[in-house]
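Colleague: I have a structure here, written as structure tokens, and I will follow up with some questions on it.
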Protein chains: 2
Amino acid sequence: MKLKLIKGMRIVAATHNPGKVPEIEALLGGHYEVVTAGALNLPEPDETESTFAGNALLKARHAADRSGEVALADDSGLSVAALGGAPGIFSARWAGPDKDFAMAMGKVEERLEEVGSDDRRAWFSSALAVAWPDGPAVVVEGRVEGCLTFPPRGDRGFGYDPIFIPDGYEQTFGELDPKLKDSISHRARAFEKLKAALID
Amino acid sequence: MKLKLIKGMRIVAATHNPGKVPEIEALLGGHYEVVTAGALNLPEPDETESTFAGNALLKARHAADRSGEVALADDSGLSVAALGGAPGIFSARWAGPDKDFAMAMGKVEERLEEVGSDDRRAWFSSALAVAWPDGPAVVVEGRVEGCLTFPPRGDRGFGYDPIFIPDGYEQTFGELDPKLKDSISHRARAFEKLKAALID
């Protein structure tokens with residue numbers, strides 16, 4: 001059992017969103033054929049864990065064991081220091097079924113006012129897990145630290161990007177050049193760690 | 001970043017039980033110096049995940065990041081088919097602070113009577129995680145399938161061993177020769193997977 005991703009192999013992405021395929025293929029350096037769990041008609045597991053890493057591992061394990069192929073899963077979100085790490089693993093759920101992140105960002109602002117703290121530190125986390133069917137799994141996590149700003153600024157990116165200013169910059173992830181954002185993001189860092197561990 | 005355990009290296013075992021050191025050293029083939037998280041005065045994290053693998057990962061990550069060294073953690077337990085997988089991750093907790101497994105085994109029998117099922121299938125699971133500080137983690141899981149018998153039989157082993165008969169045998173884990181048990185157990189299988197993945 002070699003813990004390596006062999007170039008040319010097929011990888012099952014534990015997602016039902018076909019739009020993620022080109023992004024994942026690019027992040028892996030273009031050497032893999034990515035197929036979604038949705039395209040293979042695999043069910044989606046409940047995300048029952050309390051950490052990004054735990055949920056990524058659970059999703060990758062589920063997809064690998066059901067497909068019999070190597071599977072990759074991710075879980076990511078925004079954690080706010082003054083809110084004890086919330087929304088964290090609930091980042092997507094705060095936006096509701098309509099993925100209304102304007103509402104979700106408003107909720108973050110409201111909660112900060114309730115708490116009455118001036119602490120605006122926050123970080124984005126991205127956990128990635130690769131699982132082999134009936135075999136081991138490898139989990140990595142990338143993080144980018146920054147602080148929050150209100151009202152939201154910029155129409156680039158997605159999710160909570162418009163309220164997040166990464167340390168060392170003055171623009172939000174919603175304003176920064178997407179290429180720059182992609183080079184410093186939590187997701188980029190997680191994929192760098194994953195590639196360093198699993199690709200020769 | 002090589003995902004390898006280099007012979008001679010020190011490994012932090014995410015446990016506060018010094019009695020586990022010789023066992024872990026032996027399971028790793030005697031090539032590593034094992035020190036416990038307790039000996040390093042590291043705090044114990046809350047086991048907040050819902051799976052064996054998730055809890056092992058959480059404990060290994062916690063110990064690695066706080067010690068700055070490679071850390072190993074395990075999480076294991078008994079799952080009963082007719083009880084929807086219970087006691088599962090709560091296997092130790094069912095025995096209470098006094099580690100009263102006679103009581104815990106009695107609770108399993110009671111619950112089975114309440115459910116009214118004749119299904120006696122059960123399995124032991126053992127998850128192991130190895131984490132590198134600020135780096136990746138590798139997670140494996142071993143399992144042994146069997147069925148339950150009441151009343152408990154045999155005074156070898158520990159925990160729920162006296163009610164568990166592994167498939168292919170007629171004696172319980174509480175009766176079987178410890179060497180035989182150690183060669184077919186969930187724990188042995190997990191360590192075999194771990195060594196195959198991480199040791200050249």
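The values are calculated or read from the model by the stated rules, or taken from the named source; none is laboratory data. Computed from a predicted structure; not experimentally measured. Counting neighbours? That spans all protein chains shown, and the Cβs are built from the backbone with ideal geometry, glycine included. Just so you know, the surface numbers come from the protein's heavy atoms only, side chains and all, with ligands and any DNA or RNA stripped out. Shrake-Rupley method; radii C 1.70, N 1.55, O 1.52, S 1.80 Å.
Colleague: Based on what the data block shows, is A:Leu148 at pLDDT 95 or above and either among the acidic types (Asp, Glu) or within 21 Å of A:Ser185 (Cβ to Cβ) (or both)?
Modeller: On the way: at pLDDT 95 or above: yes; either among the acidic types (Asp, Glu) or within 21 Å of A:Ser185 (Cβ to Cβ) (or both): yes.
Criteria met by A:Leu148.
Colleague: While we're here: Taking the range A:27-55 as the search range and keeping residues that are charged (D, E, K, R) and more than 11 Å from every other protein chain (Cβ to nearest Cβ), which one is nearest to the chain's Cα centre (by Cα)? Full working, then the answer.
Modeller: If we filter the range A:27-55 for residues that are charged (D, E, K, R), which is where we start, we get A:33, A:44, A:46-47, A:49.
Keeping just the survivors that are more than 11 Å from every other protein chain (Cβ to nearest Cβ) gives A:33, A:44.
Details: A:Glu33: 20, A:Glu44: 17 Å.
The qualifying residue nearest to the chain's Cα centre (by Cα) is A:Glu44.
Colleague: Out of B:Ala102, B:Ala82, B:Ala53, report the one residue that is among the aliphatic types (A, V, I, L, M), open to solvent by 40 Å² or more (accessible area, probe 1.4 Å), more than 23 Å from B:Arg10 (Cβ to Cβ) and not in a strand (DSSP E or B). Working first, answer last.
Modeller: Numbers: B:Ala82 fails: open to solvent by 40 Å² or more (accessible area, probe 1.4 Å); B:Ala53 fails: open to solvent by 40 Å² or more (accessible area, probe 1.4 Å).
Answer to the selection: B:Ala102.
Colleague: A further question follows. Which one of these is more than 30 Å from A:Asp65 (Cβ to Cβ) and out of contact with any helix residue (DSSP H, G or I) (no Cβ under 8 Å at 6 or more places or on another chain): A:Ala81, A:Ala104, A:Ala86? Break it down stepwise before answering.
Modeller: Working: A:Ala104 fails: out of contact with any helix residue (DSSP H, G or I) (no Cβ under 8 Å at 6 or more places or on another chain); A:Ala86 fails: out of contact with any helix residue (DSSP H, G or I) (no Cβ under 8 Å at 6 or more places or on another chain).
None of the others qualify; the one that does is A:Ala81.
Colleague: If I filter the range B:17-32 for residues that are in contact with a helix residue (DSSP H, G or I) (Cβ under 7 Å, 6 or more places away or on another chain), among the hydrophobic types (A, V, I, L, M, F, W, C) and modelled with pLDDT of 95 or more, do I get at least one hit?
Modeller: Checked the range B:17-32: no residue is in contact with a helix residue (DSSP H, G or I) (Cβ under 7 Å, 6 or more places away or on another chain), among the hydrophobic types (A, V, I, L, M, F, W, C) and modelled with pLDDT of 95 or more.
Colleague: I would also like to ask the following. Residues being surrounded by 13 or more Cβ atoms within 10 Å (Cβ to Cβ) and either hydrophobic (A, V, I, L, M, F, W, C) or in contact (Cβ under 8 Å) with a residue 60 or more places away in the chain (or both): count how many of those fall in the range B:19-30.
Modeller: The initial filter retains those residues of the range B:19-30 that are surrounded by 13 or more Cβ atoms within 10 Å (Cβ to Cβ), namely B:20-21, B:23-25, B:27-28.
If we keep only those that are either hydrophobic (A, V, I, L, M, F, W, C) or in contact (Cβ under 8 Å) with a residue 60 or more places away in the chain (or both) too, we end up with B:21, B:24, B:27-28.
Number satisfying all stated conditions: 4.
Colleague: Give the residue, chosen from A:Leu128, A:Leu148, A:Leu176, that is within 11 Å of another protein chain (Cβ to nearest Cβ) and open to solvent by less than 50 Å² (accessible area, probe 1.4 Å).
Modeller: The unique qualifying residue is A:Leu128.
Colleague: Would you point out the residue of the range A:151-173, among those that are at pLDDT 95 or above and of a type in the set (D, E, K, R), that is least open to solvent (accessible area, probe 1.4 Å)?
Modeller: Checked the range A:151-173; the qualifying residue least open to solvent (accessible area, probe 1.4 Å) is A:Asp161.
Colleague: Restricting attention to the range A:111-133, does a residue exist that is in a helix (DSSP H, G or I) and in contact with a strand residue (DSSP E or B) (Cβ under 9 Å, 6 or more places away or on another chain)?
Modeller: First, the residues of the range A:111-133 that are in a helix (DSSP H, G or I): A:111-115.
With in contact with a strand residue (DSSP E or B) (Cβ under 9 Å, 6 or more places away or on another chain) added as a condition, the list becomes A:111-112.
Yes, the range A:111-133 contains a residue that is in a helix (DSSP H, G or I) and in contact with a strand residue (DSSP E or B) (Cβ under 9 Å, 6 or more places away or on another chain).
Colleague: Of the residues that sit in the range B:56-72 and are more than 13 Å from every other protein chain (Cβ to nearest Cβ) and closer than 22 Å to B:Glu23 by Cα, which one is most open to solvent (accessible area, probe 1.4 Å)?
Modeller: Within the range B:56-72, the subset more than 13 Å from every other protein chain (Cβ to nearest Cβ) is B:63, B:66-72.
Those still in the list that are closer than 22 Å to B:Glu23 by Cα too: B:63, B:67, B:69-72.
Values: B:Ala63: 4, B:Ser67: 32, B:Glu69: 47, B:Val70: 12, B:Ala71: 0, B:Leu72: 11 Å².
That would be B:Glu69.
Colleague: Could you identify the single residue in B:Asp167, B:Asp155 that is touching an Asp or Glu at 6+ places or on another chain (Cβ under 8 Å) and either away from chain A (no Cβ under 14 Å) or of a type in the set (Ser, Thr, Tyr) (or both)?
Modeller: From the options B:Asp167, B:Asp155, the qualifying one is B:Asp167.
Colleague: In addition: From the set of residues in the range A:1-18 that are open to solvent by 80 Å² or more (accessible area, probe 1.4 Å), part of a loop (DSSP other than H, G, I, E, B) and among the basic types (Lys, Arg), which is nearest to the other protein chains (Cβ to nearest Cβ)?
Modeller: The extreme case among them is A:Lys2.
Colleague: Would you point out the residue of the range B:31-50, among those that are of a type in the set (Gly, Ala, Ser) and open to solvent by less than 60 Å² (accessible area, probe 1.4 Å), that is nearest to B:Gly84 (Cα to Cα)?
Modeller: B:Ser50
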